[in-house]
1. Being touching a Cys at 6+ places or on another chain (Cβ under 9 Å) and either surrounded by fewer than 19 Cβ atoms within 10 Å (Cβ to Cβ) or in a helix (DSSP H, G or I) (or both) narrows it down to one residue among A:Ala83, A:Ala166; which is it?
2. Would you check which residues across segment D:25-48 are part of a loop (DSSP other than H, G, I, E, B), away from every other protein chain (no Cβ under 14 Å) and not aliphatic (A, V, I, L, M) and list them?
3. Exactly one condition in (1) at pLDDT 95 or above; (2) under 14 Å from D:Arg67 (Cα atoms) is false for C:Val159; which is it?
4. Kindly provide the set of residues from segment A:169-227 that are closer than 24 Å to C:Pro55 by Cβ and in a helix (DSSP H, G or I), ordered by number.
5. Of all residues in segment A:17-38, how many are in contact with a Cys (Cβ under 8 Å, 6 or more places away or on another chain) and of a type outside the set (Val, Ile, Thr)?
6. Tally up the residues in segment A:200-242 that are free of Cβ contacts under 8 Å to residues at least 60 places away in the same chain and farther than 18 Å from A:Lys31 by Cβ, please.
7. Kindly indicate which of B:Val130, B:Val124 is surrounded by fewer than 14 Cβ atoms within 10 Å (Cβ to Cβ), out of contact with any Phe, Trp or Tyr (no Cβ under 8 Å at 6 or more places or on another chain) and closer than 24 Å to B:Met224 by Cβ.
8. Any chance you could count how many residues in segment D:173-199 are more than 28 Å from D:Leu127 (Cα to Cα) and buried (at least 24 other Cβ atoms within 10 Å of the Cβ)?
There are 4 protein chains.
Amino acid sequence: MDDVMVQFLCEDNLRADIFIEGLPGIGQVGKLVAEHMIRELGAEKIAEIHSMYFPPQVFIENDGNVRMANNEVYFCDGPRKIAFLIGDHQSGSNRGHYVLTEKYLDIAERIGVKRIYALGGFGVGHLVDVPRVFSAVNQLALRPQVEEAGGTFEREDPVNGIIGAAGLLLGLGARRNMEGICLMGETSGYIVDPKSAQSVLSVLSRLIGMDVDTRLLNERATEMEQVIAHLQETERLKSDEELRYIG
Amino acid sequence: MDDVMVQFLCEDNLRADIFIEGLPGIGQVGKLVAEHMIRELGAEKIAEIHSMYFPPQVFIENDGNVRMANNEVYFCDGPRKIAFLIGDHQSGSNRGHYVLTEKYLDIAERIGVKRIYALGGFGVGHLVDVPRVFSAVNQLALRPQVEEAGGTFEREDPVNGIIGAAGLLLGLGARRNMEGICLMGETSGYIVDPKSAQSVLSVLSRLIGMDVDTRLLNERATEMEQVIAHLQETERLKSDEELRYIG
Amino acid sequence: MDDVMVQFLCEDNLRADIFIEGLPGIGQVGKLVAEHMIRELGAEKIAEIHSMYFPPQVFIENDGNVRMANNEVYFCDGPRKIAFLIGDHQSGSNRGHYVLTEKYLDIAERIGVKRIYALGGFGVGHLVDVPRVFSAVNQLALRPQVEEAGGTFEREDPVNGIIGAAGLLLGLGARRNMEGICLMGETSGYIVDPKSAQSVLSVLSRLIGMDVDTRLLNERATEMEQVIAHLQETERLKSDEELRYIG
Amino acid sequence: MDDVMVQFLCEDNLRADIFIEGLPGIGQVGKLVAEHMIRELGAEKIAEIHSMYFPPQVFIENDGNVRMANNEVYFCDGPRKIAFLIGDHQSGSNRGHYVLTEKYLDIAERIGVKRIYALGGFGVGHLVDVPRVFSAVNQLALRPQVEEAGGTFEREDPVNGIIGAAGLLLGLGARRNMEGICLMGETSGYIVDPKSAQSVLSVLSRLIGMDVDTRLLNERATEMEQVIAHLQETERLKSDEELRYIG
């Protein structure tokens, strides 16, 4: 077994212009967006990626069948040809991040990708009403269109960097002359955040010029808001009660 | 020295249908079962596995002789031809789990193995009266026979995955077209658990259609129950005494 | 991608006698000195170093453009030809320190370097009024000139060793017959320390026989002293107030 | 640079029968014995070992010169030809222990070694009046002569294993048909222990049939006993004083 094994399930002549990465990360924001798009657009799996840099683990599916931890590439053959990278894991080691990202770029190159969108969350440590979409690019010329689509390049805190696959896809992608745009939805960092995912999806949709039905994502966001409201109410009642004891 | 070194002690034409893994793990359940079967069936050692992924350590035997940490393959030449994988260690690193499991599968392939049984424990955090045998397969077609033999595919908790050699033997084994069945005995996770091993052995015996004398395992289970009962009685007396002080 | 990738931006016939290392470290002393010299002497970038031993990270520049974590070599084509090694990171692993240092030495050899100055800080755990410059050499014959230039070889504490690139540049450099001098500015270890950097620059200037304008470094040192004085005053007021409460 | 680099300083036709390992370890017992013998027997350095598995570090000698962390082989050309392995470090990783030990055995093989003595300490957690020398062998036939020389194969605690170079020299040495004897001096594990080293040296001297002047080691042991006695007296006075306050 090689350190990374890519198994293609598609014919050789597949071509995609856009590569969208949504691997696990803060608030699962990127993962939510990419998985939502795959479902809505009916994208199909074209490759599986196994690696010694993933945990030595199988998952047990509901039917009792096991499935190896892996990452996957999906392909959407619509008006826009899009490849998606989603999966169970990012690398467990520094070295693995580099090795895996190079493999992701090999796949992207193989199918003719010109532009990469790396999706993620940006943790701010508190709940956010209208999540902004912090952005970064690997060619300055890309900045205007990102701003036009609603992404921001301002930052409250000094955002020092982007860690993991999202960052390296832009950095190492630049060396292969691929355009790279990173969209990071503002998120608390404490919860899986479909609301932040909505913001990212909204910017991304404008950037790729495609409408994606957001109903399911909206529902998940509403559910999550109800969960949070319920938790906050419980907290409030508890603290009222404590005050009563004190008073 | 290679990363993994397999030293065969047998002739080339050895053939086994079944490969049973019982490496160290939760409650030592798999280890207890495999070692018990090796003893009862009079299996003989056919290979030694040394690896840089094992701790840099020798054990001192009772006679003062040292023995390198290793894993071993045993072979039972009875009505059913069975290979057993037991040993001192699982890998100390993620990568090692992958590399070692590939070597285990190389051995299994070399001797013609068609089906792998990966044995282990499943920790539930409390003592269990009648340990269930949680099961997983790497081909859905295997599920009915496991259920018939008494294994269960229900789960109280969401069992997320199987970590280490047991999981990878199923996952990587599937890619070599080997059938894989994982049997995990319910166990507290706090003690070496021969009672859980009894449950696993009972399901396994039915699956492989072989009666294995379980007297020695029963004795160990009875001993362990007496140890636990004694510990619980001591706890009870201690807490009675504390109550007396308070009262 | 190789473990370490060096990308030269210069012609092949570049020649430098001196190699000055100022990578991140205690008090950022070496980094401050090297970056100050690069700015004052108008040195130009001649190589970029990327490595899997650096964190898997990109930095976001103020304009929103990303930049991969890297180290860089600068070249000063003045009366003295000097190469500078600065950058974002030291290695994240023991092995990486060795591999990267060998690459740094390859670069130094390629451009004809005869002598290496490794700059750093030496943490003493308290603020220092007149930072000494603790020194070490990789050939005893170099000691007199270092002492003449104001470096000291005395030590209050037993300084056991020099860890990371600075130490290995001297140790591995000796095996390539390169002279190596390590200058470590006394520093608290708690703050970025331009004052300690002044001391190191002063010794280094005499050693290489070059005047470097230190105005900017002096300004930073003055600023830092004001910050420290302000912090100390705040502390004093706070403790006075506490005394008043008690009294 | 290779992972491990051995630099020989001797001619090719050097021959030694015995290889004595005294690398750093518990109580520095093995190191004390080997360094004492090297000094007393006037052994000379014949090889230096550098490795990426050692910390990335140089030591600063008293004269200000740096020295890379390394291990060294010494050779004693007396009535008995003996090679000694001493040094600054054991490996920092599991893998490194295996790789380095194979290199040590390569050296031993190159100079014709038939028998290895691996020296170390065995920590018991309390001060010991007459340290025993716990022993292990890699061929049962070696046991009688070790017992005759005063080594013991009894154990109070279950000694599970020998970790690091000492253990692997016996384990991996057996596979090269080299005899291996491990002598572990009983020691508290809290201090550098010349007294335990005396015990080990005494057994070793009988085994190799050589008298080694132990005066210097005795002096160090006496000094250490005075240090301990002083510490114990200080402790006693302190606790007396505390009792006085209470009383």
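1. On the way: A:Ala83 fails: either surrounded by fewer than 19 Cβ atoms within 10 Å (Cβ to Cβ) or in a helix (DSSP H, G or I) (or both).
One residue alone meets the criteria, A:Ala166.
2. Residues of segment D:25-48 part of a loop (DSSP other than H, G, I, E, B): D:25, D:42-43.
Those still in the list that are away from every other protein chain (no Cβ under 14 Å) too: D:42-43.
Listed by number, the list holds a single entry, D:Gly42.
3. (1)
4. Matches in segment A:169-227: A:Leu169, A:Leu170, A:Gly171, A:Leu172, A:Gly173, A:Ala174.
5. 1
6. Here the count works out to 21.
7. On the way: B:Val124 fails: surrounded by fewer than 14 Cβ atoms within 10 Å (Cβ to Cβ).
Sole residue among the options that is surrounded by fewer than 14 Cβ atoms within 10 Å (Cβ to Cβ), out of contact with any Phe, Trp or Tyr (no Cβ under 8 Å at 6 or more places or on another chain) and closer than 24 Å to B:Met224 by Cβ: B:Val130.
8. Here is the first cut: in segment D:173-199, the residues more than 28 Å from D:Leu127 (Cα to Cα) are D:173-180.
Those left that are additionally buried (at least 24 other Cβ atoms within 10 Å of the Cβ): D:173, D:180.
Adding up the residues that qualify gives 2.
The values are calculated or read from the model by the stated rules, or taken from the named source; none is laboratory data. Computed from a predicted model, the values in this text were never measured in an experiment. Cβ sites come from the backbone with ideal geometry, for glycine too, and all protein chains shown count toward neighbours.
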